[in-house]
Amino acid sequence: DIQMTQSPPSLSASVGDRVTITCRASQTIRSYINWYQQKPGKAPKLLIYGVSSLQSGVPSRFSGSGSGTDFTLTIASLQPEDFATYYCQQTYSAPWPFGQGTKVEIK
Amino acid sequence: QVQLQESGPGLVKASETLSLTCTVSGDSISSYDWSWIRQSPGKGLECIGYIDDSGSTHYNPSLESRVTISADTSKNQFSLRLSSVTAADTAVYYCARRRYTSGFYFFDYWGQGSLVTVSS
């Protein structure tokens, strides 16, 4: 199975900061990666699919990049509503695993 | 607006079968794939499987021997059955729509989640 490793597990940042979260696949997943945001007690929310395609309604401060095995989610200017946990997910092959998450906390 | 709602018992005894139903509104389940995903503190988010728009099922190999996903198009619902449960199956269970666009699959609509606890 392909493993997805996210880093860092958590980070502290201030409003207005640029934040970068990394996801590494144990083997190539081409461009088959999605990113989700989850707030406490809520279901995950799709942010980005296919490396860099922004889901409808998602602010443009969110962006994704990468290919093969190394991928990045970037929040250009962190807003108060962005404090949450972020997950990557590969859809290249079953069982379509998620990363372990990166919790973005207020500094 | 597509909405999904999980329903079913919140407590299941060990060795018995967990059963959940997802009721979909705002969309026909015949038009997309529909998935079950669970989240536990120990294993994080885990895809259980999905039923596609032709009615074929696809399961996580680690759960395949215990999982059945089915759909009732007349009620616009799909269901999950997980047999022989143990404490490791305690989790929040989500239903979600699996969508295909521009060559990529993703989960774009989710239910609110249903906590299922397995008791001994």
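The values are calculated or read from the model by the stated rules, or taken from the named source; none is laboratory data. The model shown is predicted, which means the values in this text are computed figures rather than measured ones. Neighbour counts are summed over all protein chains in view; Cβ atoms, including those assigned to glycine, are modelled from backbone coordinates with ideal geometry. We work out accessible area using only protein heavy atoms, side chains counted, and drop any ligands, DNA or RNA first. Shrake-Rupley method; radii C 1.70, N 1.55, O 1.52, S 1.80 Å.
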Filter pass, B:SER19 being modelled with pLDDT of 95 or more, open to solvent by 50 Å² or more (accessible area, probe 1.4 Å) and not aliphatic (A, V, I, L, M) | no
Filter pass, B:PRO9 being touching a residue at least 40 places away in the same chain (Cβ under 8 Å), assigned to a loop (DSSP other than H, G, I, E, B) and of a type outside the set (Phe, Trp, Tyr) | yes
Away from chain B (no Cβ under 11 Å), open to solvent by 60 Å² or more (accessible area, probe 1.4 Å) and within 30 Å of B:LEU4 (Cα to Cα) - does that describe any residue in segment A:18-41?
-> yes
Some residue of segment B:107-118 being of a type in the set (Phe, Trp, Tyr) and more than 21 Å from A:MET4 (Cβ to Cβ) = yes
Scan segment B:26-62 for residues that are within 14 Å of chain A (Cβ to nearest Cβ), in a loop (DSSP other than H, G, I, E, B) and surrounded by fewer than 18 Cβ atoms within 10 Å (Cβ to Cβ) and report the count.
-> 7
Members of segment A:10-24 that are over 14 Å from A:LEU78 (Cβ atoms) and of a type outside the set (S, T, N, Q) | A:CYS23, A:ARG24
Screening A:GLN100, A:GLN37 for residues that are within 23 Å of B:ILE37 (Cβ to Cβ) and in contact with a helix residue (DSSP H, G or I) (Cβ under 8 Å, 6 or more places away or on another chain) leaves only A:GLN37
Restricting segment A:58-107 to residues that are among the basic types (Lys, Arg) and at pLDDT 95 or above, which is most open to solvent (accessible area, probe 1.4 Å)?
-> A:LYS103
Segment B:102-120, subset open to solvent by 30 Å² or more (accessible area, probe 1.4 Å) and modelled with pLDDT under 95, residue nearest to the other protein chains (Cβ to nearest Cβ) | B:SER102
Just name the residue that is nearest to the other protein chains (Cβ to nearest Cβ) out of those in segment A:90-106 that are under 18 Å from A:GLY50 (Cα atoms) and in a strand (DSSP E or B).
-> A:PHE98
Selected residue [of a type in the set (D, E, K, R) and open to solvent by less than 20 Å² (accessible area, probe 1.4 Å)] from B:ARG97, B:ARG81, B:ARG66 = B:ARG97
What number of residues within segment A:1-41 are part of a strand (DSSP E or B) and not hydrophobic (A, V, I, L, M, F, W, C)?
-> 12
Considering only segment A:42-57, how many residues are more than 8 Å from every other protein chain (Cβ to nearest Cβ) and either assigned to a strand (DSSP E or B) or touching a residue at least 12 places away in the same chain (Cβ under 8 Å) (or both)?
-> 5
